[in-house]
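What follows is one structure encoded as structure tokens, with my remarks underneath.
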Amino acid sequence: MTAQLLRTRRFLPLFLTQALGALNDNLFKNALVALVVFRTGEGGTALVALAGALFILPYVLLSATAGQLADKMDKARLLQVTKLFEVLLMALAAAGFLAGSVPTLLVALFGLGVQAAFFGPLKYGILPEHLQPDELLSGNALIEAGTFGAILAGTVAGGILIGLDSGAAIVSAAGLAVAGAGLVAALLVPR
């Protein structure tokens, strides 16, 4: 049943939307961390801690509100709005990388935390609407496996790509491309 879900329109676009978002978050975060550590040296540890806090803080502040919103509105539409917000944030992040502006990158990171805090309740809330009760376990397992695979890929890619010649441009282009692909996938999620 698990492999069959990946061939359905009621599941595959959501799976891709989530996996691409997790890939992008971690690509960006780890590129930012590597950039900060290598650029600032010893002072980088405080900035890395600040970056972690800026990404997690929106979850603490907004998760309950995001859950209430997800219960009241069309989840597919909200997925699309959050993915559009991700594209805009990755454009801001690209500007920050290309300008070498750590404050701009930290604002983008906070924004990605806000976006992720609103996306979380949507991905789990929409599954029971799109899957049969006997498919929920497989659906949740696939979402989690895709998420952790994407986290691993983004973690590795972010650190490697930022270290390349023209790393800032490469990470910027990759982040925009992944966010764009995530938006396209979200547009395919059925209402």
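The values are calculated or read from the model by the stated rules, or taken from the named source; none is laboratory data. Predicted model, so just to flag it, every value in this text is computed and none were measured. FYI the Cβ positions are ideal-geometry reconstructions off the backbone, even for glycines, and counts take in every protein chain you see. Accessible surface is based on the protein model in full, side chains and every heavy atom, while ligands, DNA and RNA are left aside. Shrake-Rupley method; radii C 1.70, N 1.55, O 1.52, S 1.80 Å.
Data overview
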read-out: In Å², nearest 10: area of V36 left accessible to a 1.4 Å probe; value: 10 Å²
read-out: Unit charges at the beta carbon, dipole of the chain: most positive-side option, L6, I56, V156; value: L6
read-out: Volume per residue that the Cα convex hull of the chain spans, once the total is divided by residue count, Å³; value: 103 Å³
read-out: Accessible area of the chain belonging to carbon and sulfur atoms, whole % at 1.4 Å probe; value: 71 percent
read-out: Computed [θ] at 222 nm, helices only, for the chain once each DSSP H run of length n ≥ 4 contributes -39500 (n - 2.57); value: -30000 deg cm²/dmol
read-out: Label point distance in nm, A46-R191, each placed 7 Å from Cα along Cα→Cβ; value: 5.2 nm
read-out: Selected from Q80, Q68, Q115 as most flexible by GNM, with the chain as the system and alpha-carbon contacts under 10 Å; value: Q68
read-out: Cα gyration tensor category, rounded, prolate or oblate, for the range 1-114 with a/c compared to 1.5; value: prolate
read-out: Degrees, to the nearest 10: 44-72 long Cα axis against longest axis of the chain; value: 20 degrees
read-out: A173-S63 FRET efficiency (beta carbon distance; Förster radius 30 Å; 0.05 resolution); value: 0.45
read-out: Solvent-accessible area of Y59 with every protein chain in place, 1.4 Å probe, in Å² to the nearest 10; value: 80 Å²
read-out: Stretchable slack from Q4 to L136, in nm (0.36 nm times residue separation minus alpha-carbon distance); value: 46.2 nm
read-out: Accessible surface, 1.4 Å probe, highest first, among residues E144, E86, E135, E129; value: E129, E144, E135, E86
read-out: Whole-number accessible area per residue in Å² for the chain, which is evaluated in the context of all protein chains at 1.4 Å; value: 47 Å²
read-out: Nearest-0.05 FRET efficiency for A145 and V107, computed from C-beta distance (R0 41 Å); value: 0.80
